[in-house]
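Undergrad: Pasting in a structure now, in structure tokens, and then I'll have a few things to ask.
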Amino acid sequence: MDAEVFRAWITSAARVIEANRDHLTQLDAAIGDADHGINLDRGFAAVVGALRALDPAAAAPTTPGRILLLTGNTIIAKVGGAAGPLYGMAFRRAGKSLADAADVDLPALSAALDAALAGVQQLGAAVEGDKTMVDALAAATRAFSKAIAEGASTDDALSALAAAASAAAIATIPMQARKGRASYLGPRSVGHEDPGAASTALILGALRDAAQAGQ
Ligand SMILES: [Mg+2]
């Protein structure tokens, strides 16, 4: 997967976040402060602008790692609340993990996603079951590593990644939140999908779609 696939991922993530902006904001209205969709949409729109501004004639062609670093830096600058720093950390750690590679294979992408998860957990101090984006990201990275270890194709490994993230987001519905603003609600947080897990599933679904379209 080259820089074009990563650019297509982030562009596709921006589109899917925009299409789900109101849905994500409604999820956040139930157990948070009703800004998740609005904030993420603003952040990803800024990322798309920053990616467009990359000079295609630059002496050093851009790399997957640089695209993810730019994504993370832009999100940190544009998205407030908890989501901005957490997603910013995730994309920055993934970008650093990919370093200067021009082409990313499945094990390198798996390592980058593991680095993203570790960064999010370090910053947010959340573990699985706390009803946060960690639930979706951890389940997805685990399913991805397992698929790769079993010799899955790129298509199948990314499908496993996206499917695990979606299932994990839905699985946050019966959980009681133990981290973030939703945790202030105690038992009243039960019965609602976590907005961060939902947006993580959308973003990882966009990765599957972009990689499949690029083949
Ligand atoms: Mg919020």
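The values are calculated or read from the model by the stated rules, or taken from the named source; none is laboratory data. Source: prediction; values computed, not measured. Every residue, glycine as well, gets a Cβ built from its backbone with ideal geometry; the counts of neighbours run over all protein chains shown.
Undergrad: Kindly evaluate THR141 against the criterion of being of a type in the set (S, T, N, Q) and closer than 24 Å to LEU27 by Cβ.
TA: It is true that THR141 is of a type in the set (S, T, N, Q) and closer than 24 Å to LEU27 by Cβ.
Undergrad: Name every residue in region 16-48 that is more than 20 Å from THR62 (Cβ to Cβ) and more than 16 Å from the ligand (Cβ to nearest atom), in order of residue number.
TA: Of everything in region 16-48, those that are more than 20 Å from THR62 (Cβ to Cβ) and more than 16 Å from the ligand (Cβ to nearest atom) turn out to be VAL16, GLU18, ALA19.
Undergrad: Here is a further query. Where residues in region 71-95 are assigned to a helix (DSSP H, G or I) and touching a Leu at 6+ places or on another chain (Cβ under 7 Å), which of them is modelled with the lowest pLDDT?
TA: ALA83
Undergrad: Check off (1) farther than 19 Å from SER199 by Cβ; (2) assigned to a helix (DSSP H, G or I); (3) in contact (Cβ under 8 Å) with a residue 40 or more places away in the chain for GLN122 and give me the number that stays unchecked.
TA: (3)
Undergrad: Check GLY151, GLY191, GLY129 and return the single one that is away from the ligand (no atom under 16 Å from the Cβ) and either over 29 Å from ALA30 (Cα atoms) or touching a Cys at 6+ places or on another chain (Cβ under 7 Å) (or both).
TA: On inspection, the qualifying residue turns out to be GLY151.
Undergrad: Right, another one. Looking only at region 26-48, count every residue that is touching a residue at least 60 places away in the same chain (Cβ under 8 Å) and either not in a helix (DSSP H, G or I) or not small (Gly, Ala, Ser) (or both) and tell me the total.
TA: 7
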